[in-house]
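Since every read-out is calculated from the coordinates, none of them should be taken as a lab result. Everything quoted here is computed from the prediction, not taken from an experiment. FYI the Cβ positions are ideal-geometry reconstructions off the backbone, even for glycines, and counts take in every protein chain you see.
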Amino acid sequence: MIRSLPNGRPYIWSFNLFVLLYFVFLFAPLVVTCVLAFNNSDFPSLPWHGFSLDWFLSPGPDRVGVFHDSQNLRAIVTSVETAVCVSALSVLVGTCASFLFEQEEFRFKGALYMLMLAPLVIPGVILGISQLLAANSVGAFLEDTVGWDVEWLRPSFWLVVIGQFSFIATFVTLVVSARLRKFDRSLEEAALNLGANRFEVIRYITLPFLRPAIVGAAAVSFLMSFENFNTTLFLVGSEPTLPINLYLQVRDGSTPVINSISFLLIVGTSILVLFNVYLGRKDGER
Amino acid sequence: MSASGMKQSRLAFWLFLAPVLGWLLLLIVLPHLDMLYMSLRSGSFSHPGWTLTNYQAFFEEPIYWLTFARTAGYAVITTAITLVLGLPVAFYIAKVVRPGLSGALMVLLLLPFWVSELVRVYGWMILLRESGVINFFLLRLGIIDTPIEMLYNDATMIMGLVYTSMLFMVVPLVSVMESLDDSLVEAAYDLGASRLCIWRTIIIPHSKPGITSGCIVVFMLSLGNYLTPNLMGGKNSLWFTEQIYNQFIASFNWNQGSAFGFLLLALSSVIVWAGLKLTRQKLGEVAS
């Protein structure tokens, strides 16, 4: 049944087989996508025509590899810019929120905390449309009353950043709060007694303690922003992010260039995730 | 604390509060109130004003409420399949495999879910489509003569949804099962309980919090999914989020779209609330 009990061989072997099949199910689509990125063929399908790096490096005109595909490259750059802005903003506000909920007492704290958790249970599509509506209303209001035409309140780069930030900040708050809860507040009191002011305490005592959580949260926000589709779909303007751009290509028929981008994404994501796991391990040892 | 210290504390409090209030009021509360407002306004220029026609249209057009009901039903089926698959996997990682291996398995489990959902769906598409990899092998092995189109039907779409949301079931299940005291299972075993009995009376009751939070998240994610039904489902498997998208982007009827959005939000909130009530948990506990 469990480790410490005698288990029959058939039981253990059938269980092993089940979990093995489960992992095959998990990885089959990813492995196939990666392998077909290197197939010397014009379609992302078998049979295998030999190894080729065309879909990465070929400059065209028949086959255009990722590194020469200006549209996809621009989408990657847009996605990176979006993700950097979103994670910076989320980390800033999320850390403020953790301090607020863990270290301050005020009226309506419980209600505000529930509100902070709300983005967890709002479907991404809904978040996208409500953000679009609100930005549109505010834009129309500003134009009618003050006569300002605010560019970024239309579907645009900054609207995507705002939309993604609105729910990613919740994840940052949860991660940073979990670490702040473990913080020994007598350290702060000691520093205050020794003449530090509140901001010096935060700067020199609390923030260094929170650093692993903040770095981890920043990495997670980066990934969440980079791969977000549902919310972005409604807010995107003339500069599509990578998932949106890929979606348009997949919908209209596919070329192996999507495989090679997927390969780069899978490798990049794996490195970031393993880095995060490593950080978590180090954090746990302390 | 000195007077200046007090003042600084107040200042710090306001510095923390201001961005958080800005975020929650401007980006969460205001947009959803705006959505509710839009859903109750008439879209026509000749008769502007308050109206319930947007909601009326939902109940009068079978295509709308049928899609809504089917989306909810399929999300329930997806959640059930995910739970049935997730329980043994979580149990294996938490209790059966060597402790040293379980950490590595967890990382392996997490990895695919950090890759963009689009890449995962695309992977399934090149596996399953008519000219796909699975058909290639089936033809080569002589099992079939003509390729079968495995994409674009409801069963494939549900499999895609299960695949996409699996992680959110397995992770809470693993963490709750890790907290199960082995000696309880050992005692039951020594007293002659069968496997089924141990599962029914010890493991499942103990795992209830994990089952709840897993089910809530999976249900919500399936309900709000757009990519998987759109790319893997067929012409007849329209998802409710696609209706919302059509209203917003294709027909440009924002009032109707807002009403749909609000209905979807209401459904997912009710389900989350009911799930928490049934198991007497709080959102805060489930989230952390």
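Among B:MET166, B:GLY214, B:PHE68, whose Cα lies farthest out toward the positive end of the dipole of the stretch B:53-287, if unit charges sit on the beta carbon of Lys, Arg (+1) and Asp, Glu (-1)?
My answer, from the dipole projection, is B:GLY214.
Can you count the Lys pairs in the stretch B:53-287 with C-alpha separation below 29 Å, eight or more apart or on different chains?
The number of close lysine pairs in the stretch B:53-287 is 4.
Ranking A:ARG154, B:ARG98, A:ARG185 by Cβ neighbours within 10 Å, fewest first, what do you get?
If I rank by nearby Cβ atoms, fewest first, I get B:ARG98, A:ARG185, A:ARG154.
May I ask you to derive the FRET efficiency for B:ASN236 and A:ARG154 from their Cβ-Cβ distance with R0 = 35 Å, giving the value to the nearest 0.05?
0.50
Apply 1/(1 + (r/R0)^6) to the Cβ-Cβ distance of B:ASN246 and A:LEU17, taking R0 = 56 Å, and write down the FRET efficiency to the nearest 0.05.
It comes to 0.80.
Which residue, chosen from A:ILE244, A:LEU194, B:VAL119, occupies the Cα position most advanced towards the positive end of the dipole of the protein assembly as shown, where the dipole is computed from +1 (Lys, Arg) and -1 (Asp, Glu) charges on Cβ about the Cα centre?
A:LEU194
Binned at 10 Å from 0, what are the whole-percent values of the Cα-Cα distance distribution for chain B, short to long?
6, 19, 24, 23, 16, 8, 2, 0, 0
Which one of B:TYR152, B:LEU109, B:PHE240 is farthest out on the positive end of the charge dipole of chain B, using unit charges on Cβ (Lys, Arg +1; Asp, Glu -1) and the Cα centre as origin?
The Cα lying farthest towards the positive end belongs to B:LEU109.
Please give the calculated 222 nm ellipticity per residue for the protein assembly as shown, where each DSSP H segment of at least 4 residues contributes -39500 (n - 2.57) and the sum is spread over every residue; nearest 500 deg cm²/dmol?
-23500 deg cm²/dmol
Suppose every K and R has +1 on its Cβ and every D and E has -1 on its Cβ; what is the size of the dipole of the stretch B:53-287 about the Cα centre, in Debye to the nearest 20?
The calculation lands at about 240 debye.
A:TYR278 label point, 7 Å along Cα→Cβ, cut-off 17 Å on backbone N: hits in the stretch B:96-121?
B:104, B:107-108, B:111
Please arrange B:PHE168, B:PHE260 by how many other C-beta atoms lie within 10 Å of their C-beta, fewest to most.
Ordered by Cβ neighbours within 10 Å, fewest first: B:PHE168, B:PHE260.
Could you check the simple spin-label distance between A:VAL24 and B:LEU141, using points 7 Å along Cα→Cβ, in nm with one decimal?
Label at A:VAL24, label at B:LEU141, 0.9 nm between them.
Given points 7 Å out from each Cα along the Cα-Cβ axis, report the A:LEU73 to B:LEU278 separation in nanometres with one decimal.
Computed distance between label sites A:LEU73 and B:LEU278 equals 5.3 nm.
Might you report the magnitude of the Cβ-based charge dipole of the protein assembly as shown about its Cα centre, with Lys and Arg at +1 and Asp and Glu at -1, to the nearest 20 debye?
With Lys and Arg at +1 and Asp and Glu at -1, about 1440 debye.
Taking the number of other C-beta atoms within 10 Å as the exposure measure, put A:MET116, B:MET106 in order starting with the fewest.
Ordered by Cβ neighbours within 10 Å, fewest first: B:MET106, A:MET116.
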